[in-house]
Amino acid sequence: MSNYTRCAACRYLRRRCCEDCTLAPFFPSTNPTRFAHVHRIFGASNVSRMLQQIPEEQRSEAADAIALEAFWRVQDPVYGSAGVISALQTEISGAQRELAETQARVAVYAARARSANAQVSADEERLGDGAGAGVYLPSNHP
């Protein structure tokens, strides 16, 4: 066992890490803070028990979810990851509102441009039909 390094869980708990350690695949020794957060929030035995109850093909995703929740719970003890989700939803709502306002302004400017183009076309038609050979003279001109 001289070539085998302890996982972050066993290193943190100061115990020997056996080759069939249930936490070793999910908490490598290269990322000790990941397990420190998980242990602080959930406890090592609870996490080990949870992971053993989950089918093996889903354990990696479960460990990632547990680690993520523990990280955000350490950052925000009251709301945890729910606080992050809420903040992101608020940001998305603000961006959607801003997008709707911008689209409305673009529609107003486009309508004004169409109206101005229609007015110019009408003026050109009116001037083209006049007796002044395309020259427009106001009616009150002497």
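The values are calculated or read from the model by the stated rules, or taken from the named source; none is laboratory data. As the structure is a computational prediction, the values presented were derived from the model and not from experiment. Neighbour counts run over all protein chains shown; Cβ positions are idealised from the backbone, glycine included. Ligands, DNA and RNA are stripped out before the accessible areas are found, and what is left, the full protein with its side chains, is counted by its heavy atoms. Shrake-Rupley method; radii C 1.70, N 1.55, O 1.52, S 1.80 Å.
Being touching a residue at least 24 places away in the same chain (Cβ under 8 Å) and either not hydrophobic (A, V, I, L, M, F, W, C) or not in a helix (DSSP H, G or I) (or both) is the filter here, so list the residues in the stretch 33-63 that pass it.
Hits for the stretch 33-63 are Arg34, His37, His39, Arg40, Phe42, Ser48, Gln52, Arg59, Ser60.
Kindly indicate the residue of the stretch 12-38 that is farther than 15 Å from Gln52 by Cα and more than 34 Å from the chain's Cα centre (by Cα) and also least open to solvent (accessible area, probe 1.4 Å) among those meeting that condition.
Taking the candidates together, the pick is Cys17.
Quick test of your reading of the structure: Thr102 fulfils all but one of (1) in a helix (DSSP H, G or I); (2) of a type in the set (S, T, N, Q); (3) modelled with pLDDT under 95. Name the failing condition by number.
(3)
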